[in-house]
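Some notes on the structure that comes next.
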Amino acid sequence: MSALPTFNHIFLEVKNQIAFVELARSDKANALNKTLWFEIESVAIWVDQTPEVRLMILSGQGKHFCSGIDFSLAMQLIGSTQNLPEGHKQEYLFREVLKLQRAFTALEKCKKPIIAAIHGGCIGGGVDLITACDMRYASADATFC
């Protein structure tokens, strides 16, 4: 197998043809910032295109699986529309949301099975994230909102 890709906010390990993918922003309850969002897309594409990997397990480091969209990303998106006229604001946000949606679509389109292993909080965008996976398993302490 070629060298594993490296990420800022994802920990990736491959054992016995299984890609263990962990959201690695435990200090922020694995909130989805822009970097993590696009890394999810990249890792899903990598798993799909790597013949040595037959399965992906997606989990989160720390106390929570995922607390949803990082508020700084939401504020960044809204702030970047500040000087745009009304119709242009909505068009810009629509295009940005489509870019973010590609990450979850990459999970959905991956030909390898993807299992979400959920513990702690799974909130907002985290729920959207797990719905793009093929199977979802939750620990007894998992909560969904």
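The values are calculated or read from the model by the stated rules, or taken from the named source; none is laboratory data. This structure is a prediction, so every number in the text was calculated from the model and none was measured. All Cβ positions, glycine included, derive from the backbone under ideal geometry; neighbour counts span all protein chains shown. To get the accessible areas, we keep the full protein, side chains included, count just its heavy atoms, and leave off ligands, DNA and RNA. Shrake-Rupley method; radii C 1.70, N 1.55, O 1.52, S 1.80 Å.
See the values below:
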item: Most mobile listed residue (G126, G87, G62) in the chain, GNM with C-alpha springs under 10 Å; result: G87
item: Paramagnetic reach from R54 (point 7 Å along Cα→Cβ, amide N under 12 Å) across the range 1-25; result: 16-19
item: Residue (of L23, Y92, L4) at the positive-pole extreme of the chain, dipole from beta-carbon charges; result: L4
item: Sequence-separation-based contact order of the chain, relative, with Cα cut under 8 Å and 6+ spacing, percent; result: 25
item: Gaussian network model of the chain, springs between alpha carbon atoms under 10 Å - residue of P113, P51, P85 with greatest fluctuation; result: P85
item: Nearest-20 debye value, the chain charge dipole, Cβ charges on Lys, Arg, Asp, Glu; result: 120
item: Members of K34/K89; K15/K63; K63/K89 lying beyond 30 Å, as alpha-carbon distances in this model show; result: K63/K89
item: Carbon/sulfur fraction of accessible area - the range 1-120, other protein chains in place, 1.4 Å, %; result: 56
item: Kirkwood hydrodynamic radius of the chain, Cα pairs, Å; result: 15.7
item: Residue among L73, L84, L58 with the largest mean-square fluctuation in a Gaussian network model of the chain, springs linking Cα atoms under 10 Å; result: L84
item: For the range 1-84, accessible area per residue (1.4 Å probe, heavy atoms of protein chains only), Å²; result: 53
item: Global form of the range 53-112, assessed from the alpha-carbon gyration tensor, a/c cut-off 1.5; result: oblate
item: Dipole magnitude of the range 17-87, debye to nearest 20 (Cβ charges: Lys/Arg +1, Asp/Glu -1, about Cα centre); result: 200
item: Expected-Rg normalisation [2.2 N^0.38 Å, Cα atoms] applied to the range 90-145; result: 1.29
item: Gyration tensor verdict on the range 9-93 (Cα atoms; rounded if a/c is under 1.5, prolate if a/b is larger than b/c, oblate otherwise); result: oblate
item: Global geometry of the range 1-59, whether rounded, prolate or oblate, following the gyration tensor of its Cα atoms and the 1.5 cut on a/c; result: prolate
item: Separation in nanometres of the label points that stand 7 Å from Cα toward Cβ, at I18 and T35; result: 2.9
